[in-house]
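Here is the structure we will look at, set down as structure tokens.
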Amino acid sequence: MADKGGLEGIVVARSRLCSIDGAKGVLIYGGYDVGDLAEHSSYEEVCFLILRGRLPGAEELDRLRHELAEARPLSEETESVIDMLASHAAPMEMLRTAVSADSFDDPDKSSNAEEANFRKAIRLIAKMPTMVARYDRRRRGLEPVAPDPELSHAANFLWMLSGERPSDQAARTFDVALILHADHEMNASTFTARVIASTLSDMHSAITGAIGALKGPLHGGANEQVMHLLLDIGGDQDVEREIRDRLARKERIMGFGHRVYKTYDPRAVILKRFSRALAESSDEPQWFTMSEHIEKAVMDEKGLYPNVDFYSASTYHYLGIETGLFTPIFAMSRVVGWAAHVIEQHGDNRLIRPSSEYVGPPLRPYEPIEQRKTPAAA
Ligand SMILES: CC(C)(COP(=O)(O)OP(=O)(O)OC[C@H]1O[C@@H](n2cnc3c(N)ncnc32)[C@H](O)[C@@H]1OP(=O)(O)O)[C@@H](O)C(=O)NCCC(=O)NCCS
């Protein structure tokens, strides 16, 4: 077993989807640098690339936009599950449950054939934003806003959330955030999805499991923890001293460090730019300024770089998005990566079933209960 555990450095699959150079800070989807995609592309185009392995032609992109728009409304059953959950389930609990429930009526639910999986992938990409927006409005006591087929994937989500047309800057910022989260090699939630798919279980089961893995604070849950940290410190304190004190107490600063990147996460470079631009036109510039101070203190003390979750927190906050939705938004984007990995796994499957090293007691005789010494009685 590798010394540190956690499957560090172990190759568990061959994949054509996504690669990371952790030393150079390069992230590639299907041969394209994520920086180029963020600059020139859209989330819809990136979905096509990740699912089909190439960029779409104009007609193909139009067709995908149309299919997404058609698939955005939820079934009455899924709507009622979300409405029931809105008052008492946390956002990621809702999403995990709603995605699972949405499988019941999926016309392709009993097929793992490649084209059925593509259709399910499109439906999940389309519906997850509608689920999140409906849930958020219901829990705020507001009527849900129907999806607008004329809007882009990113702009439509902001519209369904707020009931207001987003500015071009807000829609483009959110579009880029979705692009940057769309896939990330063999991260914990993607591995979870592939393990589930490898049993020949279905797409919805794999995505439901992946949402469960993403929820944890060491993975997707970190973006919310970053915002809590910013709000907790507030604007008036000596931010760098506060961070040094926390690190001296052995606290982890969320949004820093990475299993693969040993330099600046390329996604954080881009999100930092967007966060700075939003701060400049905001009356709360402190969230970006504080973030920069935190970055400096963590680099000075621990030599750790920010990861994707660090500047996505202030970016989403500037877009007026409530902190509890940050991780569901991560899931709304990553669903395309999860789905593509499920399709790849189903296309060339062998059950993922590793081994463990046994460190328990040696073989011993069974003791009848009346002769057994339990720790309390010992
Ligand atoms: C992402 C993460 C889980 C990767 O961890 P990993 O590869 O397992 O690395 P380890 O947890 O073994 O950490 C290695 C060292 O760096 C330190 N470290 C790593 N991330 C840290 C952080 N965010 N804050 C403070 N110290 C950190 C660890 O304490 C450890 O120090 P030590 O060797 O003195 O004990 C880890 O960096 C982390 O917990 N980050 C915060 C959560 C986060 O932002 N997650 C989102 C990832 S995209």
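Every read-out reported here was derived from the displayed coordinates using simple, explicitly stated rules and does not represent laboratory data. Because the structure is predicted, anything quoted here is derived from the model rather than measured. For neighbour counting, all protein chains shown are included, and Cβ atoms are generated from backbone atoms with ideal geometry for every residue, glycine included.
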Net charge near residue 57: determine it from the other residues with C-beta under 12 Å of the C-beta of residue 57, scoring Lys and Arg +1 and Asp and Glu -1. -1
For the stretch 247-378: rounded, prolate or oblate by the Cα gyration tensor [a/c cutoff 1.5]: prolate
If R₀ is 41 angstrom, what is the calculated FRET efficiency for the pair residue 113 and residue 237, using the beta carbon separation as r and rounding to 0.05? 0.10
Would you kindly calculate the translational diffusion coefficient of the stretch 19-97, applying Stokes-Einstein with the Kirkwood radius from alpha carbon pairs, for 20 °C and a viscosity of 1.002 mPa s, and quote it in µm² s⁻¹ without decimals? 139
Where a ≥ b ≥ c are the square roots of the eigenvalues of the C-alpha gyration tensor, would you call the stretch 78-133 rounded, which needs a/c under 1.5, or, failing that, prolate if a/b is larger than b/c, or oblate? prolate
Throw me the Rg/Rh for the stretch 129-255, computed over C-alpha atoms with Kirkwood Rh, two decimals. 1.05
Translational D (Stokes-Einstein, µm²/s) of the chain at 37 °C and 0.692 mPa s when Rh comes from the Kirkwood sum over C-alpha pairs? 150
Relative contact order, percent, of the stretch 1-96 when contacts are C-alpha pairs under 8 Å separated by at least 6 residues? 14
Here the relative contact order (percent) of the chain, from C-alpha pairs under 8 Å and at least 6 apart, is 22
Intensity falloff of the stretch 295-352 expressed as log10 I(q)/I(0), Debye formula with alpha-carbon point scatterers, at q = 0.13, 0.22, 0.23 Å⁻¹: -0.58, -0.87, -0.90
Only Cα pairs under 8 Å and at least 6 apart count here; give the relative contact order of the stretch 55-131 as a rounded whole percent. 46
Note: the stretch 194-259 at 4 °C, 1.567 mPa s; Kirkwood Rh on alpha carbon pairs; Stokes-Einstein D in µm²/s works out to 91
